[in-house]
Amino acid sequence: QAYSAPVVVGPVRGLPCALPRLPRMAEEPVSPDLADLASRYDARVLREYLLDQEDTNGTTGVARFREGLEAGNSATERIPVPEVHDLRPRCFRRLRWLLAANFVAYWAACARCGYVNFLRVAELGTQALPPLEVCLLGILTLGTQATLEFAAVVCLTQPARASDARSSGFRSRDGAAWLAGLGARSAVLLDVLCLPLMQRGSKLLFLLSVSVFTFAIGLFVFAVQLRLVVGLFCSNDRFSYDKPDLLFKGREMEGVPEGPRIAARPPAHRVDEELLENAEPPLPFGAIKAANLAHLSDLAMLHGVLTRIYIPVGCQETQEFVLSITSFSRCFCEDIVQCMVKFFFLMDCEFNLLVLSSFLVSIAQALATCFHASTPAMDLRYTDDQTMD
């Protein structure tokens, strides 16, 4: 026979069992996919895991950590990461003064228009329309805001136009954001003008309207805007809409461990100073604070440009989350309730052209704001870039 297998004697005497004895395969250690680990897990977590690991051939965890970082870097080189520009200190100072002046001018115009219209309604009743002074002041305020916002966006998109000659710095989303922000500011101004009419027409409707306006606009818009304006002039302030715990202290306690300290042994293989250094640049807190105030001030186009050009991709998810939360909460807590109040006023009290205009503007603004907030900006940016290529 060509193959002679060893004979293994079975349990029954005299009955041989000719079973071939297969050679045992050598068990090789399965090494993890370092590129996949480096792309999915945080560098610090991966480093702590690999420090105590050693291969059978003597490769230390530090060497494996370096290999994983190199493999992860080569794997992420194919992903198109947008370039993030630095907001210069002089530009940030001018921008914060512009946002502060916008805050003071807008709310001063709202207060003035509401007071003058209150006197007009007290004189003529529920059929009164706003005087010419109120109309001109409102148009001047909203038009100046829109013009200065567009001018600021043109200046802020200069780095994007300089880095890419084919790009104009604008996206298809920016025009819709400009209109949505203008509609939101107009809706708030018209709500202020309608309060004297509600007071004269129905006490119940006035109580409901002023309660909703105080809660949704006075507390969660005006008060937060005022706090963000103060934070713009404090370099160490980190308050934002998603960090309400910093409303009074303004800054997180960095480097202070929470709870009891736990002693642990040092790792077996320490990483050198080059690996311990944080390769990521510091966060642009100035651009983040300016973007937060621009969003709460209904300057949607300015907020979108600041987020796209001056804020890293890792922080853009927070901006989109805050945009979605504030837009939908304002729609359901303010716009829908005010529309219902104005509808009952038109049906039961008196037909007024100002209330009808405010009713239509509130509906259009609510739909536009929700549509703008539900459209992710990052997906549109990559779509526009691929179309241009």
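The values are calculated or read from the model by the stated rules, or taken from the named source; none is laboratory data. Keep in mind that what you see is a predicted model, and the values were worked out from it rather than measured. Virtual Cβ from ideal backbone geometry, glycine too; neighbours counted across all protein chains shown. Surface areas here come from the heavy atoms of the whole protein model, side chains and all, with no ligands, DNA or RNA. Shrake-Rupley method; radii C 1.70, N 1.55, O 1.52, S 1.80 Å.
Scoring 321-331, 193-203, 240-250, 125-135 by mean Cβ neighbours within 10 Å over their residues and listing the highest first yields 193-203, 321-331, 125-135, 240-250. Positive contributions from Lys and Arg (+1) and negative ones from Asp and Glu (-1), summed over other residues with Cβ under 12 Å from the Cβ of CYS113, come out at 0. Relative to one another, the C-alpha centroids of the range 301-373 and the range 142-195 are positioned 15 Å apart. For a test of the definition: using alpha carbon positions, the gyration tensor, and the 1.5 limit on a/c, classify the range 103-249 as rounded, prolate or oblate. In terms of gyration-tensor shape, oblate.
Using a probe of 1.4 Å on the protein chains alone, the accessible area found for CYS91 is around 40 Å².
Taking only protein heavy atoms and a 1.4 Å probe, the accessible area of the range 295-380 is 76% carbon and sulfur. The figure for GLU317 is an accessible area of roughly 140 square angstrom, using a 1.4 Å probe on the protein chains alone. Per-residue surface analysis assigns LEU360 an accessible area of about 100 Å², computed on protein heavy atoms at 1.4 Å probe radius. Taking 7 Å steps out from each Cα toward its Cβ at PHE222 and ASP348 produces label points 2.6 nm apart.
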